[in-house]
Ligand SMILES: Cc1cc2nc3c(=O)[nH]c(=O)nc-3n(C[C@H](O)[C@H](O)[C@H](O)COP(=O)(O)OP(=O)(O)OC[C@H]3O[C@@H](n4cnc5c(N)ncnc54)[C@H](O)[C@@H]3O)c2cc1C
């Protein structure tokens, strides 16, 4: 990679003599890599097998009149520096921290999470206000924890204890206790009792939500 990422990589890439680079796959990682390489003066070609770019992070019409992402549903991992540097918002990029989401249950009930930049609004008749408040507290703390952890992803790794200490400094004691030792399923159970709301939140990991460390 070139650019902000690492000086060592920059040195390595400056020694490359050939100026043409081919990238297989126009997912967002391929596209971002292409942007940095083009900025560094390389002649970049991207080869995509589908007739649409974006990989798993696209919007497709899955049935007439219904558009959704067939893969990623929750946007948030693309670094702000990348969207700013390449003016992605000018090209139509919008961030929805809490997307619209519907979880359908076999008994024909559903939980519908309405989009909001702040707190999601829920539609489920049996859901108590207290449970919704607990859910919102969990997500507020997770977002605060993400703000602590995300900068660490670009630095040399620090020990787990160091990460936990940083979280405790911000008052995020529950997450500090759970982050490396609990499953996402158990972590949700610390905040939320309602079974359907727990199931709805389970959908927020692409890993096994019962696996230790999936928080
Ligand atoms: C079910 C699921 C849900 C997810 N939900 C989220 C989420 O909510 N939020 C989130 O941030 N992340 C989510 N992720 C992860 C996110 O989708 C990936 O991290 C991201 O898509 C990776 O981007 P990528 O560019 O590396 O690969 P991809 O997005 O997979 O793109 C790869 C591209 O390469 C193309 N390709 C593959 N093989 C070839 C070939 N031989 N020749 C040419 N082209 C080829 C593919 O068609 C595709 O366009 C989810 C992943 C899955 C599987």
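Summary table
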item	result
Rounded Å value of the spacing that divides the Cα centres of the stretch 118-167 and the stretch 176-194	11 Å
Exposure proxy order (Cβ contacts within 10 Å, fewest to most) of 205, 59	59, 205
Gaussian network model of the chain, Cα within-10 Å springs - most flexible of 88, 202, 167	88
Fluctuation leader among 27, 41, 171 - the chain, Gaussian network, Cα springs under 10 angstrom	41
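Each reported figure results from applying straightforward, stated rules to the coordinates on display, with no laboratory input. Here the structure is a predicted model, which means the values were calculated and not measured. No Cβ is skipped: glycine too gets one built from the backbone with ideal geometry, and neighbour counts run over all protein chains shown.
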